[in-house]
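Below is one structure; the comments refer to it alone.
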Amino acid sequence: MLPQTHFLVSIVLFIIFYPFFGPATLWILAGGVLIDIDHPSLYIFRFKKFRLKEMFNYFENNKKLMVGLFVFHNVEFLFLMIVLSFFYQAAFWFTVGLFAHYLCDWLSEFRKGGTFLKPYSFFYWLKIRKAYKREAGKNEHA
C-alpha cells in the first residue's frame with residue numbers, strides 16, 4: 001500500500017482520537033506512516049543506492065517474491081509494541097497506528113493476491129529463507 005494511503009488512514013484516526021486523548025495521539029502518525037522506513041532501508045542495504053523511483057518499481061514488480069524481511073512489518077514487532085503499550089502511553093498510540101498500518105497492508109495484499117505476500121513473522125522468514133537458499137543451491141549444482 002502506498003505511503004499516502006497510510007498517512008490518510010493515520011490522519012483520520014488522529015482526528016477521531018485527538019479531541020478525547022490530546023496530543024499523545026500524534027504517535028498514531030508515527031506508527032501508521034514512519035514504520036515504512038524499513039522498505040527504503042532494505043532497498044539501500046540490498047543495492048547500496050537510493051533512487052526513489054527505482055525503489056518503488058522494485059517493490060511493486062516483486063510483490064509475489066520474498067524480497068526480504070521488513071523489520072517493522074512482523075508480528076514479533078507488533079507483540080513488542082503491545083507489551084510496551086501497557087507501560088507507555090506513547091507506545092499505545094504508536095501501536096494503534098501500527099495496527100492500522102498492518103490492517104491496511106493485509107487487506108490490500110489479500111485483495112490483490114488472495115494471500116499475504118510478505119513474510120509477517122521473523123521466524124517464518126528465517127524458515128522460508130533457508131528453503132530458498134537450499135533450492136537455489138540445488139539449481140546451481142544441476
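Here are some notes:
- Considered as a group, the residues in the stretch 68-106 that are among the aromatic types (Phe, Trp, Tyr) and within 16 Å of SER10 (Cα to Cα) include one that is nearest to the chain's Cα centre (by Cα), and that residue is TYR102.
- Considering ILE16, ILE35, ILE11, the condition of being under 22 Å from TRP125 (Cα atoms), of a type in the set (A, V, I, L, M) and part of a helix (DSSP H, G or I) is satisfied by ILE35 alone.
- Applying the criterion of being in a helix (DSSP H, G or I) and exposed (fewer than 12 other Cβ atoms within 10 Å of the Cβ) to the residues of the stretch 104-125, the residue that is modelled with the highest pLDDT is LEU107.
- Residue check for GLU54: charged (D, E, K, R), closer than 21 Å to ILE128 by Cα, assigned to a helix (DSSP H, G or I) and out of contact with any strand residue (DSSP E or B) (no Cβ under 9 Å at 6 or more places or on another chain): no
Let's see how each residue does on (1) of a type in the set (Val, Ile, Thr); (2) closer than 30 Å to ILE128 by Cα; (3) surrounded by fewer than 15 Cβ atoms within 10 Å (Cβ to Cβ):
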position	(1), (2), (3)
VAL12	yes, no, yes
ILE15	yes, no, yes
THR25	yes, no, no
MET81	no, yes, no
LEU84	no, yes, yes
GLY97	no, yes, no
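The values are calculated or read from the model by the stated rules, or taken from the named source; none is laboratory data. Remember, it's a predicted structure, so these values are computed and weren't measured experimentally. Neighbour counts run over all protein chains shown; Cβ positions are idealised from the backbone, glycine included.
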